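In what follows, a structure is listed as structure tokens, so that the remarks can point back to it.
The values are calculated or read from the model by the stated rules, or taken from the named source; none is laboratory data. All values derive from a computational prediction rather than experimental measurement. Heads up, the Cβs are rebuilt from the backbone with ideal geometry, glycines too, and the neighbour counts pull from every protein chain shown. Just the protein is used for accessible areas: all its heavy atoms, side chains included, with ligands, DNA and RNA removed. Shrake-Rupley method; radii C 1.70, N 1.55, O 1.52, S 1.80 Å.
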Amino acid sequence: MLRTGLDESEVIPALVHRVPDRAREVNADLNERARLRLRIALHRGHVERGANGWAGDSAVGVHRLLDSGPARRR
């Protein structure tokens, strides 16, 4: 979740471009079974804290993206 007022056009691309480099650094000393693997999905909209985590249409949307077959295969 981003703070109000941040420039999304700067923050999101910077995040997405830096994650793979950071993951490679973390994985450099790990074997194939221990390596870190990540999927990133973004959705824009209102979310709020619910009883079991984040709630709202955007939270549901981003989790559907993360759980999609193409994202898992990639």
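So which residues in the range 1-34 are under 30 Å from Ala55 (Cα atoms) and of a type in the set (Lys, Arg)? Of everything in the range 1-34, those that are under 30 Å from Ala55 (Cα atoms) and of a type in the set (Lys, Arg) turn out to be Arg3, Arg18, Arg22.
The C-beta contact set for the range 44-59 (first residue closer than 26 Å to Ser9 by Cβ and of a type in the set (Gly, Ala, Ser), second residue open to solvent by 40 Å² or more (accessible area, probe 1.4 Å) and in a strand (DSSP E or B), distance under 7 angstrom, 6+ apart or interchain) comprises Gly56/Glu48.
Contact map, the range 26-40: first residue more than 18 Å from Leu15 (Cβ to Cβ), second residue at pLDDT 95 or above and surrounded by 11 or more Cβ atoms within 10 Å (Cβ to Cβ), Cβ cut-off under 7 Å, separation 6 or more or different chains; pairs are Arg35/Asn27.
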